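Below is one structure, written out as structure tokens; the observations come after it.
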Amino acid sequence: MKGLPGKKLYCEKKKPPKINFPIYHFHQADYRMTSLRPSNENKRFIRKYPIGTFIVLTFFITHVLNPIIVEGLHILFPGFSFSFPIAQLNHASLIAQYGPTLAAIFLVVKLYGFKGLRSTLRFSRLNGDQMVWLMVSVLLPLAMIVLSYSFAGVSLGVLYNTLSDNWQLYLLTIGGFIISAGLAEEYGWRGFLLPQLLRTLSPLKATILLFLILSLWHFPALLSGWKNEPLWPWLILSFSLAIIHAWLFFRSAGNLLVVILFHACFDAQYAFFSRFISGETLQNKPFHQGWSYVLSYAFLALLLIVITKGNLGYNRTKFDIDDYFGSRLEI
């Protein structure tokens, strides 16, 4: 406060203190904020380790996030439940089975954008050649289960009558497994993980590694008595199916509809026929159709490995990984 003779008092104006904002530091050139750097670091990490990120995210969604969501729904909506046992659909596995697909969609969008997501789905368009493989995906599981039942002592007449008398339930069962198995898993396993593994591994090695990861993902359910299936026969059958899935995926040039339908039809055969054909009539163990079921698929998988010389039908010109995802992955 200052004063002069004959003058009015006045207040000295002071400049407001300068405030620094360390979190939001602006650059004059492009006005980028340093607060965005952690997001860029995360993206670089995902680009460098897409396979590891996919595995962690898949296991997290299935074995951690799903129980939390289910419990939350029970608290918010007491008595909430639904069940379609023949297709293994129920409230307890609300998003558990969708772990691979949800993880894959997130990573594809993160790494390649929505353009990449559209690009992967573009490979599932159907033409004349694709329709052939779509029919194979439907008829092959049916032929394999008929063959295994025949080896186990069930007549073809019984199988035919079972199917013809209950064909509506048969189609409904396939539809249920399309939702609970095919759509839930295949975009993750074959749509994302297998092409990523192919960047550094041969088709056979990539398929074997995918089988190991998929088996670990299933282990908690197996150990809890899921479907009451013994471990070693399940592993033999699961490995055989991994080979067949990869072969169908490569031969159809990356068509997801083919492997989705094959996965659903395979699961549906056992669920459908075992509903009408008593397990007590079959002496073969460990499965309802016995070892003939396991060994039939194992023989087919071995045959595919030998015939394709371990290539499993993979053709780089028909299925280019960068073209599949819409762009090259830069680290």
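The values are calculated or read from the model by the stated rules, or taken from the named source; none is laboratory data. From a predicted model like this one, the values you see are computed outputs, not experimental measurements. All Cβ positions, even for glycine, are placed from backbone atoms using ideal geometry, and neighbour counts span all protein chains on display.
Considering each of PHE77, PHE84 in turn, give the residue that is loosely packed, with under 12 Cβ neighbours inside 10 Å and either of a type outside the set (Phe, Trp, Tyr) or over 16 Å from GLU186 (Cα atoms) (or both).
PHE77
For region 235-264, how many residues meet the condition of being within 16 Å of the chain's Cα centre (by Cα) and hydroxyl-bearing (Ser, Thr, Tyr)?
Matching residues across region 235-264 total 1.
If VAL132 meets every condition in (1) among the aliphatic types (A, V, I, L, M); (2) in a helix (DSSP H, G or I); (3) buried (at least 16 other Cβ atoms within 10 Å of the Cβ) apart from one, which number is that one?
Condition not satisfied by VAL132: (3).
Restricting attention to region 271-297, and to residues there that are hydroxyl-bearing (Ser, Thr, Tyr) and within 27 Å of THR308 (Cβ to Cβ), which single residue is modelled with the highest pLDDT?
Checked region 271-297; the qualifying residue modelled with the highest pLDDT is TYR297.
Yes or no: region 220-227 includes at least one residue that is of a type in the set (S, T, N, Q), surrounded by fewer than 23 Cβ atoms within 10 Å (Cβ to Cβ) and either touching a strand residue (DSSP E or B) at 6+ places or on another chain (Cβ under 9 Å) or modelled with pLDDT of 95 or more (or both).
No, region 220-227 contains no residue that is of a type in the set (S, T, N, Q), surrounded by fewer than 23 Cβ atoms within 10 Å (Cβ to Cβ) and either touching a strand residue (DSSP E or B) at 6+ places or on another chain (Cβ under 9 Å) or modelled with pLDDT of 95 or more (or both).
For region 72-106, which positions are of a type in the set (Val, Ile, Thr) and either within 21 Å of LEU121 (Cα to Cα) or not in a helix (DSSP H, G or I) (or both)?
Those that are of a type in the set (Val, Ile, Thr) and either within 21 Å of LEU121 (Cα to Cα) or not in a helix (DSSP H, G or I) (or both): ILE95, THR101, ILE105.
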